[in-house]
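The structure appears right after this line, and notes come after that.
The values are calculated or read from the model by the stated rules, or taken from the named source; none is laboratory data. All values derive from a computational prediction rather than experimental measurement. Every residue, glycine among them, receives a Cβ derived from its backbone with ideal geometry; neighbour counts consider all protein chains shown.
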């Protein structure tokens, strides 16, 4: 079966998934908290209560699904177009590179953050960035960098640290394992976007959390 009929559909589907600013439609069941608030909640009620509020949020799973599926669709489309017989051994255009998927995801990330008006803080898109990283970066590099970023974030209790450490991990681990910074450099730059936009807009990064029953009753 030829790739040609499916490539435009894959590219369009992936682009739509990555560009839709889904957090704009988060409802009243979602609140936005700093990681310090979550630490206080952990001390008062335990880690299980905090994790349950995070894991029971369907929005997080939707973000993970759309970031993974969107990135994979664009990557498959780009790689399929590179097999186009029309090229006949010629060098493919610059946009037919794997980094194109990262570029589309970066545009979607900037759009998401620019339109976010739910609170005075700026949404920390941890799940979205993690999903794109897991697909766009080489598997071993992405896995090690994500584990490092989550570990350091938990230790320092700083959301911005997650994105900074993820970018450094992608660069450092990518160089050690692949000796090719091009493959991971684009993803590392993508991971720094939330920190850059938070600094430019002078806003604190916050995490989307499922509201507790008492918060819903008092709203």
Of the criteria (1) at pLDDT below 85; (2) part of a helix (DSSP H, G or I); (3) in contact with a strand residue (DSSP E or B) (Cβ under 7 Å, 6 or more places away or on another chain), which one residue 183 fails
(3)
Confirm whether residue 155 is farther than 20 Å from residue 99 by Cα and over 18 Å from the mean Cα position of the chain (by Cα).
yes
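Can you name the residue in segment 83-105 that is at pLDDT below 85 and crowded, with 16+ Cβ neighbours inside 10 Å and is also nearest to the chain's Cα centre (by Cα) among such residues?
First pass over segment 83-105, keeping only residues at pLDDT below 85: 83-99.
With crowded, with 16+ Cβ neighbours inside 10 Å added as a condition, the list becomes 96-99.
On the way: 96: 22, 97: 20, 98: 17, 99: 15 Å.
My answer is 99.
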Among the residues of segment 128-137, are any more than 23 Å from residue 14 (Cβ to Cβ) and either in contact with a helix residue (DSSP H, G or I) (Cβ under 8 Å, 6 or more places away or on another chain) or at pLDDT below 95 (or both)?
no
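Consider residue 115 carefully, then state whether it is in contact with a helix residue (DSSP H, G or I) (Cβ under 7 Å, 6 or more places away or on another chain) and exposed (fewer than 14 other Cβ atoms within 10 Å of the Cβ). If you could, list the steps in order and put the result at the bottom.
Details: in contact with a helix residue (DSSP H, G or I) (Cβ under 7 Å, 6 or more places away or on another chain): yes; exposed (fewer than 14 other Cβ atoms within 10 Å of the Cβ): yes.
Against the criterion (in contact with a helix residue (DSSP H, G or I) (Cβ under 7 Å, 6 or more places away or on another chain) and exposed (fewer than 14 other Cβ atoms within 10 Å of the Cβ)), residue 115 qualifies.
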Can residue 10 be described as assigned to a helix (DSSP H, G or I), surrounded by 13 or more Cβ atoms within 10 Å (Cβ to Cβ), at pLDDT 75 or above and within 19 Å of the chain's Cα centre (by Cα)?
no
Per the filter on segment 49-65, residues assigned to a helix (DSSP H, G or I), surrounded by 17 or more Cβ atoms within 10 Å (Cβ to Cβ) and modelled with pLDDT under 85 are 50, 53
In segment 157-180, which residues are out of contact with any strand residue (DSSP E or B) (no Cβ under 8 Å at 6 or more places or on another chain) and within 22 Å of residue 39 (Cα to Cα)?
157, 158, 161, 162, 163, 164, 165, 166
Answer yes if at least one residue in segment 21-32 is surrounded by fewer than 17 Cβ atoms within 10 Å (Cβ to Cβ), over 18 Å from the mean Cα position of the chain (by Cα), at pLDDT 70 or above and part of a helix (DSSP H, G or I), and no otherwise.
no
Any idea which residue in segment 190-209 is farthest from residue 109 (Cα to Cα), counting only those that are outside any helix (DSSP H, G or I) and in contact with a helix residue (DSSP H, G or I) (Cβ under 9 Å, 6 or more places away or on another chain)?
209
